[in-house]
Amino acid sequence: MDTVRRWIEGWRLCRGLPPVTEYDDVLLAHLGLPGREREMFTLADNIERLAPAITSTTWLTVTTPYGDAAANRLTAAGLQPFDEQKVLMSIALGDHPRPATSYRLVQQTDGPLDRVQLLAEDGTVAARGMMATVGADAVMHDIHTDPDHRRQGLGSVVMGALAGRAVERGATTGLLMATEIGVHLYRALGWLPEATMVTASGGAGAVRGDLGAVLTSR
């Protein structure tokens, strides 16, 4: 949970979210989005205890070495796990490659946040990414390449630029949550998987137990 806690602090800063609320080994994030008002982050051991509080708008994300087994337990508890299992990854930032590019690199800093854009000759944004630096950790987020500029290594350039900036800030470890597609890019850059993250909701129309009561029960 320590790695999850460190990642989620940077993740919530990137998304502009308020601080998470911690209940022992459960982290509760308030997103306030349609269909995703809240999300709990925990370990697989808590699935059955937390399942009664999960609804269509309150999600549960489980961090585990065994993604498929966790998905089966979520299903058995009456929840609906999403098909995609994401991966929590890390890297020693000093080892991160920093490839060059002919695209124009634009960097912007705003408090703990850094944003990188790669601009094409016509000034359009070909690729982008951002990160939040929290102490010794830099959490990468929202890495994206425009479809018209893919297969040119621009994602690697963005990641390298962010890693370089993180080192300047004094960070030593990079953290991110990767999609199934993104894992291949990050592995090629030296990122290592820490755990699988399996997310589930309660399904449409689910009416379940009181969230506060479930979170404070042991």
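Every number here is computed from the coordinates shown, using simple stated rules; none is lab data. None of the values given here were measured: they were computed from a predicted structure. Quick reminder, even Gly has a Cβ in these numbers, built from the backbone with ideal geometry, and neighbours come from all protein chains shown.
In debye, nearest 20: dipole of the chain around its Cα centre with unit charges on the Cβ of K, R (+) and D, E (-)? Walk me through the numbers on the way to the answer.
Details: 20 positive and 25 negative charges, 32 e Å.
Here the chain has a charge dipole of around 160 debye.
Along region 12-23, what does the Karplus equation 6.51 cos²θ - 1.76 cosθ + 1.60 (θ = phi - 60°) give for ³J(HN,Hα), rounded to whole Hz, x for Gly and Pro?
In residue order, the calculated couplings are 6, 5, 4, 8, x, 9, x, x, 6, 9, 10, 10 Hz.
Roughly how large, in nm² to one decimal, is the mean projection of the convex hull of the alpha-carbon atoms in region 90-194?
For the Cα atoms of region 90-194, the hull's average projected area reads 6.2 nm².
Using the Kirkwood formula on the Cα atoms of the chain, what hydrodynamic radius do you get, in angstrom to one decimal?
Working: mean 1/r = 0.0549 Å⁻¹.
By the Kirkwood definition, the hydrodynamic radius is 18.2 Å.
What is the order of His96, His149, fewest Cβ neighbours within 10 Å to most? If you can, show how the numbers build up before the last one.
On the way: His96 20, His149 16.
Ascending Cβ contact count within 10 Å gives the list His149, His96.
Listing Ile54, Ile47, Ile181 from the residue with the fewest other Cβ atoms within 10 Å to the one with the most, what is the order? Before the final figure, lay out the partial values.
On the way: Ile54 28, Ile47 21, Ile181 8.
Listing Ile54, Ile47, Ile181 from fewest to most nearby Cβ atoms yields Ile181, Ile47, Ile54.
Using amide H atoms built in the peptide plane, which far-off residues or other-chain residues are under 5 Å from Leu43 H to H?
The answer is Thr63.
Just rank Tyr66, Tyr23, fewest to most, by other beta-carbon atoms within 10 angstrom. Write down the numbers at each step before the final one.
Details: Tyr66 14, Tyr23 17.
If I rank by nearby Cβ atoms, fewest first, I get Tyr66, Tyr23.
Under the rule of at least 5 residues apart or a separate chain, name every residue whose amide H is placed under 5 Å from the amide H of Lys86.
Met197, Thr199
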